[in-house]
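The values are calculated or read from the model by the stated rules, or taken from the named source; none is laboratory data. On a predicted model such as this, the values are computed, not experimentally measured, just so you know. Ideal geometry is used to build each Cβ from the backbone, glycine not excepted, and the neighbour counts take in all protein chains shown.
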Amino acid sequence: MTVPDPDPAVHARPVTEEEARAAVTDALLRIVPDADLDEIGDDGNLRSELELDSLDFLSFVEQLSSTTRVRIDEDDYPALRTMRSCIAFLTR
């Protein structure tokens with residue numbers, strides 16, 4: 001499934017590392033409110049550590065795309081494995 005392409009006019013500038021981290025954190029805490037992201041760290045596998053099923057992960061992707069205005073295709077999902085890889089993807 002492909003998340004709808006955000007309006008390119010709205011995404012006028014790249015996402016910063018701080019904005020990307022905040023967006024990932026917010027999206028994850030909406031799905032798993034009691035998640036301890038500090039314990040998982042930047043390199044922990046988010047799906048396995050937070051026990052995200054496919055619907056949870058899709059909600060995460062949709063939230064990230066909506067917040068950052070970055071298009072996320074299904075082919076991009078492997079790039080959303082860890083906090084570090086999410087930030088790298090969103091700031092590219």
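Filtered by the rule that a residue be among the small types (G, A, S) and either in a helix (DSSP H, G or I) or under 16 Å from P78 (Cα atoms) (or both), the range 15-50 gives A20, A22, A23, A27, G44, S48.
Among the residues making up the range 74-92, those that are crowded, with 16+ Cβ neighbours inside 10 Å and not in a helix (DSSP H, G or I) are R81, T82, T91. Residues of the range 51-65 that are crowded, with 17+ Cβ neighbours inside 10 Å, under 12 Å from the mean Cα position of the chain (by Cα) and either among the polar types (S, T, N, Q) or part of a loop (DSSP other than H, G, I, E, B) (or both): Q63, S65.
For the range 31-50, residues that are loosely packed, with under 13 Cβ neighbours inside 10 Å and more than 13 Å from C86 (Cα to Cα) total 6. Per the listing A79, A12, the residue uniquely modelled with pLDDT under 95, among the aliphatic types (A, V, I, L, M) and at negative phi is A12.
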